[in-house]
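**Student:** The structure's right below; bear with me while I get my questions together.
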């Protein structure tokens, strides 16, 4: 096992390697490719054996890449440190790894996918029997395609068909797209269907009908204001959060930020600057895409952040 860390035994290591990352988590029916990770300042031994981390094909023998787990957040001693917001931000398998040496700079790059099923053909056998809940069929399919992965299936028990729907699929994105098409609009006109998501060492099936307790976003967590993307969809940028996953519900603050030095103005003519001390959006939003961006040694706070695309829920504004 190889480990790179900046907080060994909970103590900050100023000589730790620099880490640059760009991780994308989303529903599998809208694939966005692999995530990227670069580690700067690695040893010569790591460069000599850089390909050992990724998948290799020698003749007809395929060797899968190594499993990888990345944890992130704000550690002790950093601004806005919160142990509850630290956690696993990526778990998967290394598809490709390669080293580079330019001048005095040595680095190791990796391309990462959520599971082996994304980088080699997989047998996704699906058999949804007439009159039975979709959750049963998905559980059987996940057990074969993702052995060892935790299953989180939170969908309506009313998702049933009057006929049997079988199928065999060789890729996760095609299977997820089929499930989305088959279930979209099944329960109501606004039903978005079932999303298949592989993240943090687990495979999820979600349709928004079983919403957990929302995770609160404080005003001081935000980097800039949330912005509109499309109808009913906004983008939220925060300090790096390792406790939020795709499918979670987040709640934006609906009160004053409460930051030290905040000045409250009562004259509406002169209170425009006060608007910057509050979130322009409030309410609950469902997270449907997450991007984790990190540059460990950058002094810019925006280089260690989480970007979430969210859909508004009832009562959000």
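**Student:** Could you say whether any residue in the range 157-167 is closer than 23 Å to residue 93 by Cβ, more than 23 Å from the chain's Cα centre (by Cα) and assigned by TED's automatic domain parsing to the domain that holds residue 200?
**Tutor:** no
**Student:** Right, next: Looking at the range 122-215, what strands (runs of 3 or more DSSP E) fall wholly within it and have at least 3 residues that are under 20 Å from residue 288 (Cβ atoms)?
**Tutor:** Qualifying strands (runs of 3 or more DSSP E): 150-154, 195-199, 202-206.
**Student:** Can you find a residue that is more than 19 Å from residue 108 (Cα to Cα) and either assigned to a helix (DSSP H, G or I) or free of Cβ contacts under 8 Å to residues at least 40 places away in the same chain (or both) anywhere in the range 46-53?
**Tutor:** no
**Student:** When you check residue 106 against the structure, is it in contact (Cβ under 8 Å) with a residue 12 or more places away in the chain, under 30 Å from residue 242 (Cβ atoms), assigned by TED's automatic domain parsing to the domain that holds residue 51 and in contact with a helix residue (DSSP H, G or I) (Cβ under 8 Å, 6 or more places away or on another chain), yes or no?
**Tutor:** Against the criterion (in contact (Cβ under 8 Å) with a residue 12 or more places away in the chain, under 30 Å from residue 242 (Cβ atoms), assigned by TED's automatic domain parsing to the domain that holds residue 51 and in contact with a helix residue (DSSP H, G or I) (Cβ under 8 Å, 6 or more places away or on another chain)), residue 106 qualifies.
**Student:** From 32, 90, grab the single residue that is under 23 Å from the mean Cα position of the chain (by Cα) and assigned to a loop (DSSP other than H, G, I, E, B).
**Tutor:** 32
**Student:** I've got another one for you. So how many residues does the range 104-118 have that are in a helix (DSSP H, G or I) and surrounded by fewer than 20 Cβ atoms within 10 Å (Cβ to Cβ)?
**Tutor:** Residues in the range 104-118 being in a helix (DSSP H, G or I) and surrounded by fewer than 20 Cβ atoms within 10 Å (Cβ to Cβ): 1 in total.
**Student:** For the range 54-87, which positions are part of a strand (DSSP E or B) and free of Cβ contacts under 8 Å to residues at least 40 places away in the same chain?
**Tutor:** Selection gives 56, 57, 58, 61, 63, 67.
**Student:** Any residue in the range 248-259 that is in contact with a strand residue (DSSP E or B) (Cβ under 8 Å, 6 or more places away or on another chain), at pLDDT 90 or above, assigned to a loop (DSSP other than H, G, I, E, B) and buried (at least 18 other Cβ atoms within 10 Å of the Cβ)? Reasoning before the result, please.
**Tutor:** As a first pass, look at the range 248-259 and keep what is in contact with a strand residue (DSSP E or B) (Cβ under 8 Å, 6 or more places away or on another chain): 248-254.
In the following step, the residues that additionally are at pLDDT 90 or above were identified as 248-252.
After this cut, where a residue has to be assigned to a loop (DSSP other than H, G, I, E, B) as well, the list is 248.
Within this subset, residues satisfying the condition of being buried (at least 18 other Cβ atoms within 10 Å of the Cβ) are 248.
Looking for residues that are in contact with a strand residue (DSSP E or B) (Cβ under 8 Å, 6 or more places away or on another chain), at pLDDT 90 or above, assigned to a loop (DSSP other than H, G, I, E, B) and buried (at least 18 other Cβ atoms within 10 Å of the Cβ), one finds at least one in the range 248-259, hence yes.
**Student:** What is the one condition in (1) touching a residue at least 40 places away in the same chain (Cβ under 8 Å); (2) surrounded by 14 or more Cβ atoms within 10 Å (Cβ to Cβ); (3) assigned to a strand (DSSP E or B) that residue 101 does not satisfy?
**Tutor:** (2)
**Student:** Does residue 133 satisfy the condition of being in contact (Cβ under 8 Å) with a residue 60 or more places away in the chain and closer than 25 Å to residue 192 by Cα?
**Tutor:** no
**Student:** Also: Does at least one position in the range 282-305 carry a residue that is at pLDDT below 75 and more than 27 Å from residue 88 (Cβ to Cβ)? Spell out how you get there, then give the answer.
**Tutor:** From the range 282-305, those at pLDDT below 75 are none; that's our starting set.
So far as the range 282-305 goes, no, none of its residues is at pLDDT below 75 and more than 27 Å from residue 88 (Cβ to Cβ).
**Student:** Residues 40, 28: which one is in contact with a strand residue (DSSP E or B) (Cβ under 7 Å, 6 or more places away or on another chain) and either within 22 Å of residue 245 (Cβ to Cβ) or assigned by TED's automatic domain parsing to the domain that holds residue 197 (or both)?
**Tutor:** Going through 40, 28 in turn, just one is in contact with a strand residue (DSSP E or B) (Cβ under 7 Å, 6 or more places away or on another chain) and either within 22 Å of residue 245 (Cβ to Cβ) or assigned by TED's automatic domain parsing to the domain that holds residue 197 (or both): 28.
The values are calculated or read from the model by the stated rules, or taken from the named source; none is laboratory data. Every value quoted in this text rests on a predicted model; they were computed, and no experiment measured them. Heads up, the Cβs are rebuilt from the backbone with ideal geometry, glycines too, and the neighbour counts pull from every protein chain shown.
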